[in-house]
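In what follows, a structure is listed as structure tokens, so that the remarks can point back to it.
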Amino acid sequence: MTTTPSLPELLRNSWRESGTVLRPGVTKEDIERFEKQHNVRVPEALSQYFQTVDGMEDGDTDAHDIRFWRLAEVQPVSAEIPDADLGQFPGYFVFADYSVWAHGYAVRLSQGANDDVVIVGGDHPVLVASSFKEFLAFYVHQPDKLF
């Protein structure tokens, strides 16, 4: 019986085919430490992603010039963009960037909030996906929706 690969597995396979260096995933304990350190909840799709592949190596990007960050690099928008209007980015954490920080991608990790994904780096957030799972689906199947 053949099983359909998960979105994180499809992403990993895409990276492998394009020659992107694959990093091993992190453990559930690593994710729990991140949650405790930042007082957030990591949604299941993001947790599965990080357990499947822990971002990209420094300087590595995909075919779209996006670099996914390692869990250890993921930071609140306030840490990555200190002059940002923080009222616009409550609970958002940057997890990837496009074209060496032309803009970043951030996911909302606030307790009890939805895990929408936005583009950061401009005057206000631009909604890209209503959840991290939807972001991965766009990335794998319709990458033009990410820009």
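The values are calculated or read from the model by the stated rules, or taken from the named source; none is laboratory data. From a predicted model like this one, the values you see are computed outputs, not experimental measurements. Reconstructed Cβ throughout: ideal geometry from the backbone, glycine too, with neighbour counts over all protein chains shown. Calculation scope for accessible area: heavy atoms of the full protein, side chains included, ligands and nucleic acids excluded. Shrake-Rupley method; radii C 1.70, N 1.55, O 1.52, S 1.80 Å.
Tabulated data
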| item | result |
| --- | --- |
| Residue-normalised accessible area of the chain, given per residue in Å² at a 1.4 Å probe | 52 |
| Theoretical ellipticity at 222 nm over the chain - DSSP helices of four or more residues, -39500 (n - 2.57) apiece, nearest 500 | -9000 deg cm²/dmol |
| At least 20 Å along the helix axis (C-alpha) and Kyte average at least 0.5, DSSP helices within the chain | none |
| Euclidean distance of C-alpha centroids, the range 4-25 and the range 43-69, integer Å | 9 |
| Enclosed volume per residue, in Å³, of the convex hull spanned by Cα atoms of the range 92-147 | 73 |
| Choice from Asp97, Asp83, Asp54 with maximal GNM fluctuation in the chain (Cα, 10 Å cutoff) | Asp83 |
| Nearest-20 debye value, the range 16-147 charge dipole, Cβ charges on Lys, Arg, Asp, Glu | 360 |
| Computed E for Glu17/Glu44 - FRET, C-beta separation, R0 35 angstrom, nearest 0.05 | 0.85 |
| Diffusion constant of the range 1-67 at 37 °C, which comes from Stokes-Einstein with the Kirkwood Cα-pair radius and 0.692 mPa s, µm²/s | 252 |
| Relative contact order for the chain, counting Cα pairs under 8 Å that sit 6 or more residues apart, in percent | 19 |
| Identified option (computed mean projected area of the Cα convex hull in nm²; candidates (1) 9.0; (2) 8.5; (3) 10.4) | (1) |
| Dipole in debye (nearest 20) - the range 65-114, about Cα centre, beta carbon charges: Lys, Arg +1; Asp, Glu -1 | 200 |
| Cβ charges +1 (Lys, Arg) and -1 (Asp, Glu), total dipole of the range 80-147, debye | 240 |
